[in-house]
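The values are calculated or read from the model by the stated rules, or taken from the named source; none is laboratory data. Please read all numbers here as calculations on a predicted model, not as lab measurements. Note that we place each Cβ from the backbone using ideal geometry, even for glycine, and neighbour counts take in every protein chain shown. SASA here: full protein model, heavy atoms, side chains in, ligands and nucleic acids out. Shrake-Rupley method; radii C 1.70, N 1.55, O 1.52, S 1.80 Å.
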Amino acid sequence: MIAIATIPPHELPKWYEIVLTSPFAWAIGLVMVGLWLILPRGNARGRWFGALCGIVAIGLLAWHVPRLCGWLDESVFDGLAITVVVACGATISVRNPLYSAIWFGLALVGTAGLFLLIGAQFLSVATITVYAGAILVTVLFVIMLAQPEGHAYYDRLSWEALLSAVTGTILVGMMTSVIGHATSGAPLPGERTPGMALEIIHPRGSDRLASVSVAAAGIAEEDREAGILAEEHVAGFGRELLGRYLIAMQVAGALMLAALVGAMAIVVHGRRTDGRQAIRIGNM
Amino acid sequence: MAEAELDLLQNYLTVGAIVFMLGVVGLIARRNLIVMFLCAEMMLQGVSITLVAFSRFHNDWGGQMLVVFIIAVAACEAAIALALILMLYARAGKLDAAYWQEMREENVPPYIDREVPLERLEERRWPDLAPAGVAPEINEEEQSHRSHV
């Protein structure tokens, strides 16, 4: 803080001052420390401190993104988003795969709530039914079948926890900053020109690097009410799915059939032969 | 109104990015095959959130349709992956991805666990259940690992 105060005002701030005074940079740094501490590293030291770092980082990131209009929308969204992120963090950090699967189920429920909030009602129900109802139960079944005791040394270790945390930090830092810059050139309210261009502003705010044409920024509320946000949501969804995307749906059905046959073939083939012989036959 | 939609889009994209990032970190860091599978599903969830947000923003059904197909592909993936995991488990007796490191590239050095952490006593906690029925005989051989599924 002293170094910042002594710098003459005409001098441009150095990079470390930008980093030190930016809550976004602090959030990214805390994400890295938190991820590194909560991943299994052989000992359980610092896990709670890591979780605390992660929560502070989530708070800083939430402060970084703009508020939604309406306190009800905002609080519901915040609750769901924090549920999803915390549950996902717990999924990758808990030692027991059974708890991992259950935390993932909570993340799925939160995601379904997020879908519902944004007007994707069918997808919300489909997420609960297919993911939480079918896939997650199958995963739990396999865990029970394969690892009922739930305590194994490889659950208390990670491949290179620090490098993974750095990778994830770089990834989320790039993505959130690009998202922030791409959506920062917000059009004025009431401005509804189709093909409106959103500017990507350089961090210094001095020069414009590029502009992205976002054709949809000027969509009127009435169009939205007639489209995605229509009252008969599932009817419109089904019309689209069975009309424009009919071929794709047939292909998806064929894919599911093939996957089903493939899964059965894997199990039957693995059962019939034994050990290395099966691998050799499978490679031929 | 357009500004509110942009704010909504940015909020959803940020959540989607964080969920995707956590999935990536889990996939590359964890060693349990089932947890790795869950992390791959988590990455799909992050992409789904992004697609639904864009679908709302552009007032286009395309994003939601893509999410439907993501769910279909995820179901296929679950069937195949879990069958494979079960078969790998039947061969190896454990769900460790490092067990299958013979399949690595030729010039990659083998991964050796430098220290295998011991289980602490407080982690070996079992739920308190009321005893019922006769206690089954414990097979000593199957205490360390289960040879058959």
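Averaged over peptide A:134-142, the number of partner chain Cβ atoms lying within 10 Å of each residue's Cβ comes to 5.
Spacing of the modelled spin labels on A:Thr138 and A:Arg239, each 7 Å from Cα toward Cβ, amounts to 3.4 nm. Per-residue shielding of B:51-63, expressed as the average number of other chain Cβ atoms within 10 Å of the residue Cβ, stands at 6.
Only sites in a loop by DSSP and with at most 12 other Cβ atoms within 10 Å count here; which chymotrypsin sites (Phe, Trp or Tyr not before Pro) in segment B:43-72 make the cut? Taking segment B:43-72 and a limit of 12 other Cβ atoms within 10 Å, no loop chymotrypsin sites (Phe, Trp or Tyr not before Pro) are found. Per-residue extension of 0.36 nm, minus the Cα-Cα distance of A:Ala265 and A:Leu246, leaves a gain of 4.0 nm for this segment. For chain B, modelled as a Gaussian network with Cα springs under 10 Å, which listed residue fluctuates most, B:Met42, B:Met65, B:Met103? Ranking B:Met42, B:Met65, B:Met103 by mean-square fluctuation puts B:Met103 first. Geometric descriptor of chain B, per residue, is 235 Å³ (volume of the convex hull of the Cα atoms).
The relative contact order of chain B, computed from alpha carbon pairs under 8 Å that lie at least 6 residues apart in sequence, is 20 percent. Per the Kirkwood formula applied to alpha carbons, segment B:23-80 shows a radius of gyration over Rh ratio, Rg over Rh, of 1.08. Extension gain for B:Leu129 to B:Val47 (0.36 nm times residue separation, less C-alpha to C-alpha distance): 25.4 nm. Sparsely packed loop sites in segment A:24-80 (the trypsin sites (Lys or Arg not before Pro) outside DSSP H, G, I, E and B with at most 12 other Cβ atoms within 10 Å) comprise A:Arg45. For the residues B:Val47, B:Val108, B:Val15, a GNM of chain B with alpha-carbon springs under 10 Å puts the largest fluctuation on B:Val108. Counting Cβ atoms of other protein chains within 10 Å of each residue's Cβ and taking the mean over peptide B:37-43 gives 6.
For segment B:2-105, the solvent-accessible area works out to 28 Å² per residue, with a probe of 1.4 Å and every protein chain left in place. The GluC sites (Glu not before Pro) found in segment B:1-106 that occupy coil by DSSP, while having at most 14 further C-beta atoms within 10 Å, are B:Glu105, B:Glu106. Between A:Glu225 and A:Leu145, the distance separating the two model label sites (each 7 Å from Cα on the Cα→Cβ line) works out to 5.2 nm.
Equivalent-ellipsoid semi-axes for segment A:71-143 (Cα gyration tensor, √(5λ), whole Å, largest first): 23, 16, 5.
FRET efficiency for the pair A:Val166 and B:Asn107, taken as 1/(1 + (r/R0)^6) with r the Cβ-Cβ distance and R0 = 25 Å, rounds to 0.60. Take the accessible area of B alone and of A alone, subtract that of the pair with a 1.4 Å probe, and the total buried over both chains is about 9300 Å². Which residue, chosen from B:Phe37, B:Val19, B:Ala72, occupies the Cα position most advanced towards the positive end of the dipole of segment B:2-105, where the dipole is computed from +1 (Lys, Arg) and -1 (Asp, Glu) charges on Cβ about the Cα centre? Of the candidates, B:Phe37 comes out farthest on the positive side. Scanning chain B for trypsin sites (Lys or Arg not before Pro) that sit in a DSSP loop and have at most 16 other Cβ atoms within 10 Å, the longest stretch containing none of them is B:1-103. The apolar share of the surface of segment B:2-105, taken as the fraction of accessible area on carbon and sulfur atoms (1.4 Å probe, ligands and nucleic acids excluded), comes to 67 percent. Of B:Leu27, B:Leu95, B:Leu82, the residue with the greatest mean-square motion in the GNM of chain B, using alpha carbon springs below 10 Å, is B:Leu82.
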